[in-house]
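Report on the following structure.
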Amino acid sequence: MLDSLGFIIGTTLMYSTPLIYAALGGVMSENSGVVNIGLEGMMTIGALIGATVGFYSGNPWLAFLAAGMAGGGLALLHAVASVSYGADQVVSGIAINFLGPGLALFLSRIFFEGATMTKAIPLDNKMPRPIHGLLPRNSFLDLVFNQYATVYIAFLLVGVVWFLLYRTKLGLRIRAVGEHPRAADTLGVSVYKIRYLCVVLSGVLAGFGGASMSLAIVSNFRPTLISGHGFIALAAMIFGKWKPQGAMWACLLFGVSNGLVVYLGRSDAPFEISMQLLSMLPYVLTLIVLMGFVGRSSAPAANGVPYEEGER
Amino acid sequence: MKSKAFFEKIATYITKWTFGFSIISIILGFIIGAATLALAGFNPIEAYGIMARGVLTRPSYVAWTIIGSTPIILTALSVAFAFKTGLFNIGAEGQFMIGAITAAMVGYFVELPAIIHIPLVLISAIVAAGLWGGIAGVLKAKFGVHEVISTIMLNWIALYLNNYIVLLEGLRRATSQRTHEIQRSASIVILEQWKRSPEGREWLRGHDFFGDALRTPLNWGFIIAIIFAVIVWYILNKTTLGYELKAVGYNRHAAEYGGINVSKSMFTSMVIAGGLAGAAGGLHVMGISKSIASLAAMEGYGFNGIAVALIGGNASIGIVFAGLLFSALQYGGSKIQPALGAPSEVINIMIGTIVFFIAMPKLIKYSLQNFKKKRGAKNVR
């Protein structure tokens, strides 16, 4: 029983990880007032670059960083459109969601002789598990804590983003820009710089999320690897009221349903339940929760509104 | 001198014309696509040539392009309709699935003569998907849940519902992850029985054009999509309902002050949008797939519809042409892979680029204005 619980918690943590990275990206971007629906595309390019660099260099950390940079690069396009040129941020995000996967598959075919699936990274070159072998194999603690390094980093980053947003001067400025850009502008805060920084960071985080998928959970990139994770992360961020810790809990909710599906799909599952209905549950739950608890005004006030510096 | 004046005129005209930005964005999309191909070491002119020939040179190619455009024209109409009321319908994807599920069920379980069965299946798909879309409308109007989030959730719920229904006993085809095919009476494929009969085959063998065109599952879906495009145009531009919906989209508070029931308008708009996407799903089952399958990921009809709606300037006529362009790119793009070894995904990059530029009309406007200013300054000197 305890082992089963350990297995479920372990899988939950593993599956929540990519969502947490991307959701944190959403938190960064939207707190500065830029809607980022392009997380999906940024995750996809991150997953591809992570898998590619991981395969050719054999260094998972280099691959992880490269994935972040790729996500950030794509996010820069979103920033140019939505910050400098006052674009409709949702439309620009939709464009990113065509560009990201398109570019990812295009590059995959070029780097891997026409294949849309990258070659598998050897086990030794995958993301390491920092405490692998320290705990008795398949014990409860081992099942829960013997995770890839990316899992630990994700939870660490939740704290980092929280600290950045609520305990630093920069965080205060970010939130000011998201709530009332004109006031921030008047006080000498550069709205453009802050928004550029936040959007690019959100892309870096989403890129990490993609790589945590292709370097740890599986060991290669394939076209369906990132199928809607960016959108779930977006929903998780809103579910979590645009706060890093809230987004984390929401991601864990989606992760736990994933963990349960994997657990109940095993042959030794204690009872049978429709996998499809179980998979549906977190989405239904999200809708119900949104109806009751998240009021109309939780989003940063200037979220999605283009701002022109010096505007009166 | 004359050419300068001419150029200025064109620049002014483009910035004022509804589809001007779309045309410029499409051109930019093609340029970026060519640059991407060139960077990867492929000859872009050759690639575009293969794409163009792959779409235009045979009746069956044109037929495939038309077939491919049908669902995305309808999902684009769905997105555009909601957009006019100020709602972003990301949920066309899920509404499409609900339409397809309904069509697969009504098409298989009900047996009726074609003349009744076809409209029944289509209307069921529209109604079911309309109600599905309406959920997002109610959530927005009554509970303040942003429609982007609720429709993303509803898409996933629809996907798992699809997978649940596919596996139901009685509907599932033995040992497969698909449902049974719909009855022949629910099919909208043109001359389906005849073209498989001995006489039909004999006749088609003698007529190259029709023989080639009818080798594809060419169906009435495209015509129905055009009819819906006209209906959407009519509702939005010629009826009180359309006026009210648009008023809510322009300025919700002004509309409310003017006595329009905003909540009801949002609901109505989402129901109609859902119904349009449902028609896409229904027609897809009736004309192409004949059944529904278990899905591992979203198929993209709804998301492609968003791109088509944006490229088509959210107007019926624009959407029909944008849908054909999108489908031609997809179908033609698939041919550069075997012929050149160039990645077909370049078309996604092109579409992404087009939508990206459409997102920022300001950039295009500024560039054109600067261009005009420079010209003007020169003339003074």
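The values are calculated or read from the model by the stated rules, or taken from the named source; none is laboratory data. Quick caveat: nothing in here was measured; it's all calculated off a predicted structure. Cβ coordinates were reconstructed from backbone atoms using ideal geometry, including for glycine residues, and neighbour counts include every protein chain displayed.
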*Only one of (1) in contact (Cβ under 8 Å) with a residue 24 or more places away in the chain; (2) farther than 19 Å from A:Pro18 by Cα; (3) within 25 Å of the chain's Cα centre (by Cα) is not met by A:Phe106, so which one is it?*
(1)
*With a cut-off of at least 3 residues that are modelled with pLDDT of 95 or more and under 30 Å from B:Tyr234 (Cα atoms), name the helices (runs of 4 or more DSSP H) lying wholly within region B:5-107.*
B:59-84
_Any residue that is touching a Lys or Arg at 6+ places or on another chain (Cβ under 8 Å) and more than 30 Å from A:Ser279 (Cα to Cα) - is there at least one of those in region B:217-230?_
no
*Could you tell me which numbered condition B:Asn314 fails, if it satisfies all but one of (1) touching a Phe, Trp or Tyr at 6+ places or on another chain (Cβ under 8 Å); (2) assigned to a helix (DSSP H, G or I); (3) within 14 Å of another protein chain (Cβ to nearest Cβ)?*
(2)
_When residues of region A:72-89 are limited to those that are in contact (Cβ under 8 Å) with a residue 24 or more places away in the chain and surrounded by fewer than 19 Cβ atoms within 10 Å (Cβ to Cβ), the one farthest from the other protein chains (Cβ to nearest Cβ)_ = A:Gly73
*Which ones in region B:280-315 are within 20 Å of B:Gly242 (Cα to Cα) and surrounded by 23 or more Cβ atoms within 10 Å (Cβ to Cβ)?*
B:Ala309, B:Leu310, B:Gly312
*Filter result for the condition that a residue is touching a Phe, Trp or Tyr at 6+ places or on another chain (Cβ under 8 Å), on the phi < 0 side of the Ramachandran plot and at pLDDT 90 or above, over A:Ile110, A:Ile96, A:Ile174*: A:Ile96
*Provide a single number: the residues in region B:345-363 that are closer than 14 Å to A:Ala95 by Cβ and surrounded by fewer than 24 Cβ atoms within 10 Å (Cβ to Cβ).*
2
_Members of region A:30-88 that are among the aromatic types (Phe, Trp, Tyr) and closer than 30 Å to A:Pro181 by Cα_ = A:Tyr85
*Please go through region A:238-254 and pick out each residue that is buried (at least 24 other Cβ atoms within 10 Å of the Cβ) and at pLDDT 90 or above.*
A:Pro244, A:Ala247, A:Met248, A:Ala250, A:Cys251
_Give me the helices (runs of 4 or more DSSP H) completely within region A:161-249, filtered to those with at least 3 residues that are farther than 28 Å from A:Leu48 by Cα, ordered by residue number._
A:169-179, A:181-186, A:191-212
*If you go through region B:158-171 one residue at a time, how many are crowded, with 17+ Cβ neighbours inside 10 Å and either more than 15 Å from B:Lys290 (Cβ to Cβ) or without any contact (Cβ under 8 Å) to a residue 60 or more places away in the chain (or both)?*
8
*Which one of the conditions (1) within 14 Å of the chain's Cα centre (by Cα); (2) within 26 Å of B:Glu147 (Cβ to Cβ); (3) within 11 Å of chain B (Cβ to nearest Cβ) does A:Leu225 fail to meet, given that it meets all the rest?*
(2)
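Looking at region A:49-94 only, could you name the residues that are in a loop (DSSP other than H, G, I, E, B) and over 29 Å from A:Val191 (Cβ atoms)?
If the condition is that a residue be in a loop (DSSP other than H, G, I, E, B) and over 29 Å from A:Val191 (Cβ atoms), then A:Gly58, A:Asn59 are the ones that fit.
Please determine, by comparing only the residues of region B:139-154 that are more than 8 Å from every other protein chain (Cβ to nearest Cβ) and closer than 21 Å to B:Ala80 by Cβ, which one is farthest from the chain's Cα centre (by Cα).
Checked region B:139-154; the qualifying residue farthest from the chain's Cα centre (by Cα) is B:Ala141.
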*So which of B:Gly134, B:Gly107, B:Gly206 is among the small types (Gly, Ala, Ser), more than 27 Å from the chain's Cα centre (by Cα) and in the same structural domain as B:Met298 (by TED's automatic domain parsing)?*
B:Gly206
*Does B:Ser263 satisfy the condition of being modelled with pLDDT of 90 or more and touching a strand residue (DSSP E or B) at 6+ places or on another chain (Cβ under 6 Å)?*
no
_Given the options B:Asn237, B:Asn219, name the one that is of a type in the set (S, T, N, Q) and under 18 Å from B:Leu74 (Cβ atoms)._
B:Asn219
*Provide a single number: the residues in region A:111-122 that are within 24 Å of the chain's Cα centre (by Cα), closer than 16 Å to A:Ala63 by Cα and of a type outside the set (S, T, N, Q).*
3
*Which one of B:Ile306, B:Ile319 is at the interface with chain A (Cβ under 8 Å from one of its Cβ atoms), modelled with pLDDT of 90 or more, assigned to a helix (DSSP H, G or I) and under 20 Å from the mean Cα position of the chain (by Cα)?*
B:Ile306
